[in-house]
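Data first, discussion second: the structure below is written as structure tokens.
The values are calculated or read from the model by the stated rules, or taken from the named source; none is laboratory data. Because the structure is a prediction, the values reported are computed rather than measured. FYI the Cβ positions are ideal-geometry reconstructions off the backbone, even for glycines, and counts take in every protein chain you see.
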Amino acid sequence: MSKHCKAGGQGSLWIKAAGLALVLSFLTAEAQGVGETRVARWKGDVTAAFLLLFDDSWPSHFQVAAPALAERGLTGTFYINPGKGEYRAFSNQWEHTVWKMGMVYGNHTYAHESVTNAAQAEQVIKACNDEILRMVPGRVPRLLSYGQPGVKEWLVSSNDLQAILAKHNLVDRPPFKDHGAVYHWQTTAQMLALADRAIDSQGLEYLIVHGVERIKPEWKYQDFWALKQAVFFPLLDGLKERRDQGKLWITDPVSAHKYETERASAKVTVLGATRQEIRLTLTCDADLRLYDEPLTLVTRVPEDWRSCDLKRTGTNLTLAVSQGHVRYDAVPDGQPLTLRRLD
Ligand SMILES: [Zn+2]
């Protein structure tokens, strides 16, 4: 009897001690800032973002530009016109090849033609959207990038255009002004200066390209405003170098727009932090049906962690600890995220 009581006494003492250890672990963890999490300014916690945009569905896009981008692991956004002659002659390439190389399609209207009223504008914009959504698998609805074509007549008020873009889940891209290859900038150095400007301001910059010089296959003519290969390839090499140095996120306008929009209202809530485990959630105010870009989080972990598990519904990743922090991507959907120490 006394033996039993004694055992019980020891047991409850042990529970108290374990409870105290847990509280202490929580308190010391908290005191060390464990669990403190920031949302990185850009994906991957790099310094800046850069967009490479190509207009008008020129043949040199699939002949030269897309392969050169893919070779370097870069992406470009191609503003296509599915009803334009140059596109139709090579629709197979756009349909089956270019997007599979990791390239993104933007809406540049159906055939790059003038419109005389808002109804007509909606028609040519919707027709291009329909083609992109049909060709490229993904969620419907989803956001696409819109690039206003430079046409002779565009008789649509800015209010009407904004309403059309909103209705069709289109995000207007930044303007051509001061960002046109060949038109505004001729040398690799000038174009890389745009990228360095983004890095200096920790912001976003972009370049809009039309044709790219074609050497093979040898044609009798070059595409519109063809950018020399001797300028274009070193430009891509320079961008890749900055990407590899962790300075640039080279992405498409919609991914950058989603990231910035979600980040603006992102909120991290730490549900619990001990020396063994950190639990948190990430939320934002944007509509999750359209805004599904993972944000990069950087969380402080206890000093003695060398690696940890990241668990969330459907995923289980191992993360390396660097200087007391772990970096990982998460969609801001409010699902619990658990970081657990690995020994
Ligand atoms: Zn155009």
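In table form, for the structure just shown:
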| read-out | value |
| --- | --- |
| Cross-chain or 6+ apart pairs with Cβ under 9 Å, segment 313-328 first and within 24 Å of residue 32 (Cβ to Cβ) and in the same structural domain as residue 278 (by TED's automatic domain parsing), then of a type in the set (Phe, Trp, Tyr) and assigned to a loop (DSSP other than H, G, I, E, B) | 321/305; 324/305; 326/305 |
| Scan of segment 131-155 for residues that are assigned to a loop (DSSP other than H, G, I, E, B) and within 16 Å of the ligand (Cβ to nearest atom), ordered by number | 147, 148, 149, 150, 151, 152, 153 |
| Top-ranked residue in segment 94-115 [being surrounded by fewer than 19 Cβ atoms within 10 Å (Cβ to Cβ) and touching a residue at least 40 places away in the same chain (Cβ under 8 Å); ranked as farthest from the ligand (Cβ to nearest atom)] | 95 |
| Sole residue being surrounded by 18 or more Cβ atoms within 10 Å (Cβ to Cβ), modelled with pLDDT of 95 or more and not in a loop (DSSP other than H, G, I, E, B), chosen from 207, 271 | 207 |
| Given (1) of a type in the set (A, V, I, L, M); (2) under 29 Å from residue 260 (Cβ atoms); (3) buried (at least 22 other Cβ atoms within 10 Å of the Cβ), index of the condition residue 46 fails | (3) |
| Any pair with Cβ under 7 angstrom, 6 or more apart, that starts in segment 144-157 at a residue that is in the same structural domain as residue 106 (by TED's automatic domain parsing) and surrounded by 13 or more Cβ atoms within 10 Å (Cβ to Cβ) and ends at one that is part of a strand (DSSP E or B) and of a type in the set (Ser, Thr, Tyr) | 145/77; 147/79 |
| Breaking point among (1) at pLDDT below 95; (2) closer than 30 Å to residue 196 by Cα, for residue 101 | (1) |
| Count of segment 225-257 residues which are in contact (Cβ under 8 Å) with a residue 60 or more places away in the chain, more than 21 Å from residue 173 (Cα to Cα) and either of a type in the set (Asp, Glu) or in a loop (DSSP other than H, G, I, E, B) (or both) | 4 |
| Candidates 339, 297 - the one that is crowded, with 19+ Cβ neighbours inside 10 Å, over 21 Å from the mean Cα position of the chain (by Cα) and under 22 Å from residue 42 (Cα atoms) | 339 |
| Evaluation of residue 276 against (1) within 30 Å of residue 74 (Cβ to Cβ); (2) surrounded by fewer than 18 Cβ atoms within 10 Å (Cβ to Cβ); (3) out of contact with any His (no Cβ under 8 Å at 6 or more places or on another chain) (one fails), failing number | (1) |
| Enumeration of residues in segment 279-303 that are touching a His at 6+ places or on another chain (Cβ under 8 Å) and either without any contact (Cβ under 8 Å) to a residue 12 or more places away in the chain or part of a loop (DSSP other than H, G, I, E, B) (or both) | 301 |
| Of residues in segment 52-93 being touching a residue at least 40 places away in the same chain (Cβ under 8 Å) and away from the ligand (no atom under 16 Å from the Cβ), the one farthest from residue 193 (Cα to Cα) | 63 |
